Amino acid sequence: MKFLWSTISVRSMEESLSFYNEVVGLPINRRIQAGPATEIAFLGEGETQIELVCDGGHEVPGNVEGISLGFQVKSVDEMMAFVEEKGIKVKGGPVQPNPHVRFFFVKDPNGITIQFVENM
């Protein structure tokens, strides 16, 4: 079995695309109009992608707990400066639980926890 994508229901497609494309750095692969009030976008490289679904007819949960997405970065310090420059608050960290990894957390526009990880 092959894992294909994680789906995130979003309030605003444009705001979410901006976050995942400009902040996280995932390229937009395709956008699909799936009905009069529904749009779907796929982002990412390689086998696993992020699917964003904006459905004007459904409410999106406000505070999503227990789910996080992790992305590798070259430098935690540089990424922290970048997200703060974009007006995104750091929600936790930086944390270095061992000599080989360091990370911090932010929230995406939909309340999903995003972890930026530097392998040392």
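The values are calculated or read from the model by the stated rules, or taken from the named source; none is laboratory data. Just so it is clear, the model here is predicted, and its values are computed rather than measured. Note that we place each Cβ from the backbone using ideal geometry, even for glycine, and neighbour counts take in every protein chain shown.
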Lone qualifier among VAL101, VAL95, VAL117 - being free of Cβ contacts under 8 Å to residues at least 12 places away in the same chain, over 25 Å from GLU14 (Cβ atoms) and either outside the structural domain of ILE8 (by TED's automatic domain parsing) or acidic (Asp, Glu) (or both)
VAL95
Checked segment 30-71 for anything closer than 19 Å to ASP108 by Cα, surrounded by fewer than 15 Cβ atoms within 10 Å (Cβ to Cβ) and either among the β-branched types (Val, Ile, Thr) or at pLDDT 95 or above (or both); matches are THR48, ILE67
